[in-house]
Amino acid sequence: MMDPHRRAAHADHVDGNVLAGALSRLFGGEPTDMVAVCGSCGAAARIAQAWVEIDETAAIVRCNSCTHTLVTIMFAEEPPRLVVSSLGELRGS
């Protein structure tokens, strides 16, 4: 049996459908409990603790430590769009 921590010498190339299970696990819980890690300062905090500037077209989500923009959620058009800025990592809840 292969060690799961060891990288394979050859990785298979498949389409993005292979990510369905991992994305379901990542986004399956309460979204505001997810932990965002700022790519600028390294601070980690729940999304619920972020600073948000919001109007009828978008929500700008800022790091509560350094105030850099983590992501912007554009919801003026359907479907909504997520624009990633200084988000270094997003951890599931």
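Observations on the structure shown:
- In whole angstrom, segment 19-63 maps to an equivalent ellipsoid with semi-axes of 21, 15, 10, each derived as √(5λ) from the alpha carbon gyration tensor and ordered largest first.
- Scalar couplings 3J(HN,Hα) for segment 57-74, obtained by applying the Karplus form with A = 6.51, B = -1.76, C = 1.60 to θ = phi - 60°, are 10, 7, 10, 9, 9, 10, 4, 7, 9, 10, 6, 5, 6, 7, 8, 10, 9, 9 Hz; x denotes Gly and Pro.
- Mean projection area, nm², convex hull over Cα of the chain: 8.3
- Over segment 24-93, relative contact order from alpha-carbon pairs under 8 Å, at least 6 apart, %: 36
- Nearest-10 value in Å² for the accessible area of SER86, using the 1.4 Å probe: 30
- Heavy atoms of SER85 accessible to a 1.4 Å probe, total area in Å² rounded to 10: 70
- Counting only protein heavy atoms and a 1.4 Å probe, the chain has 76 square angstrom of accessible area per residue.
- Here the 3J(HN,Hα) profile of segment 19-36, calculated from phi with Karplus coefficients 6.51, -1.76 and 1.60 at θ = phi - 60°, is 8, 3, x, 5, 5, 5, 5, 5, 9, x, x, 5, x, 6, 8, 5, 9, 9 Hz, Gly and Pro shown as x.
The values are calculated or read from the model by the stated rules, or taken from the named source; none is laboratory data. Just so it is clear, the structure is predicted and the values come from calculations on it, not from any experiment. With ligands, DNA and RNA removed, areas are computed over all heavy atoms of the protein, side chains included. Shrake-Rupley method; radii C 1.70, N 1.55, O 1.52, S 1.80 Å.
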